[in-house]
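A.B. asks: The structure's right below; bear with me while I get my questions together.
The values are calculated or read from the model by the stated rules, or taken from the named source; none is laboratory data. Here the structure is a predicted model, which means the values were calculated and not measured. We place every Cβ from the backbone using ideal geometry, glycine too, and count neighbours over all the protein chains shown.
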């Protein structure tokens, strides 16, 4: 499956989950997304993170941001999970005060 096709399917899945209102499914998707963000920050070098900062957002990232805007409770849970590991890495890399 090509990357664009996979991205479109992921976006559609997120939309279906949100439309269905399934908190269990939504929580599973958000936990998986949070785990991916944490893995990305822990595995990347500071140079890689700085380079990725300037890249345009992927379709999957746009869908995730849309979901976090649409669901305040989901946003709080997501931020609570990723805040410490992401901010620690950003401080190590000189990307945050």
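A.B. asks: Any idea how many residues of segment 25-68 are closer than 18 Å to residue 86 by Cα and surrounded by 12 or more Cβ atoms within 10 Å (Cβ to Cβ)?
C.D. replies: Of the residues in segment 25-68, 19 are closer than 18 Å to residue 86 by Cα and surrounded by 12 or more Cβ atoms within 10 Å (Cβ to Cβ).
A.B. asks: Filter segment 55-70 down to residues that are modelled with pLDDT under 85 and not in a helix (DSSP H, G or I) and give me whichever is nearest to residue 32 (Cα to Cα).
C.D. replies: Checking each candidate, the answer is 58.
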